[in-house]
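For reference, the structure is listed below as structure tokens.
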Amino acid sequence: MTAPNRAELAQDALFWSAVADAAKEKAQRARAALDSQARAELERDGVAPTWRIPGVGTVPLSLTSDSVDVTDPDAYLAWVAKRHPTEVETTVHVRPAFDKAVREAAAKRGAPCDEQGEVIPGLTYRSGGAPRGVSIRPSTDARAAAARAAERFLAQAAQAESEVAA
């Protein structure tokens, strides 16, 4: 058996890229269906589900957390510089540890304000609890079984592809 030439290698690469794209799309559709079911359960029950599926693993719906985002960095920097000048670095940004503390405290207050209730310019409150999406955390056995099934599938696909090419 001779080594494949460049044209054959290019065709193989193109074919397997198409297989990978199609497989990725099928996986995304399956995840979207799971996500839709989980969001419906959250809407119906008011609780984010975590499904423990025998032979698969765990499929939780994660939720966002309350947070405060910097939407106007200049306004936020000016506010910190005026009220907490030692927390502004010479690189002209709010020190990361202070920034984290200010925004986490504001998120706990449910508004982009300081402990006295003064609105902090440049920040916007975003409430948490919105579904982010499901993730699939396969068990070790499920991951190994899926890998073996994928190898068998790819071997069969490669065989079928070579028969068609012949």
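The values are calculated or read from the model by the stated rules, or taken from the named source; none is laboratory data. Just so we're clear, the structure is a prediction, and the values are computed from it rather than from any experiment. Neighbour counts run over all protein chains shown; Cβ positions are idealised from the backbone, glycine included. Surface accessibility is based on the protein's heavy atoms, side chains included, excluding ligands, DNA and RNA. Shrake-Rupley method; radii C 1.70, N 1.55, O 1.52, S 1.80 Å.
Some observations on this one:
- Backbone phi angles across segment 33-43, fed through the Karplus curve with coefficients 6.51, -1.76 and 1.60 (θ = phi - 60°), yield HN-Hα couplings of 5, 4, 4, 4, 5, 5, 5, 5, 5, 4, 4 Hz in residue order; Gly and Pro are listed as x.
- Accessible-area value, HIS84, 1.4 Å probe, nucleic acids and ligands omitted, Å²: 60
- Rounded to the nearest 20 debye, the dipole size of the chain about its Cα centre is 420 debye, using +1 on the Cβ of Lys and Arg and -1 on the Cβ of Asp and Glu.
- Nonlocal amide H pairs with GLY133, under 5 Å, H built at 1.01 Å: SER62
- Per-pair calculated FRET efficiency, R0 = 35 Å: ALA3 and ALA27 via Cβ, rounded to 0.05: 0.60
- 22 Å Cα-Cα reach of LYS82 towards lysines, excluding residues that sit fewer than 8 places from it in its own chain: LYS100
- Shown in residue order for segment 12-26 are the 3J(HN,Hα) couplings computed by the Karplus curve 6.51 cos²θ - 1.76 cosθ + 1.60 at θ = phi - 60°: 4, 4, 4, 4, 5, 5, 5, 4, 5, 4, 5, 5, 4, 5, 5 Hz (x for Gly and Pro).
- Rh by Kirkwood over Cα pairs, then Stokes-Einstein D for the chain at 0.692 mPa s and 37 °C, µm²/s: 156
- In the chain, excluding the sites themselves, the longest stretch lacking any of the GluC sites (Glu not before Pro) that are in a DSSP loop with at most 16 other Cβ atoms within 10 Å is 1-114.
- Furthest towards positive pole of dipole, ASN5, SER65, TRP79, structure part the chain, Cβ charges: SER65
- FRET efficiency estimate (nearest 0.05) - Cβ-Cβ, HIS93 to CYS113, R0 22 angstrom: 0.55
- Segment ALA142-THR86, length gained on full extension (0.36 nm per residue, minus Cα span): 14.9 nm
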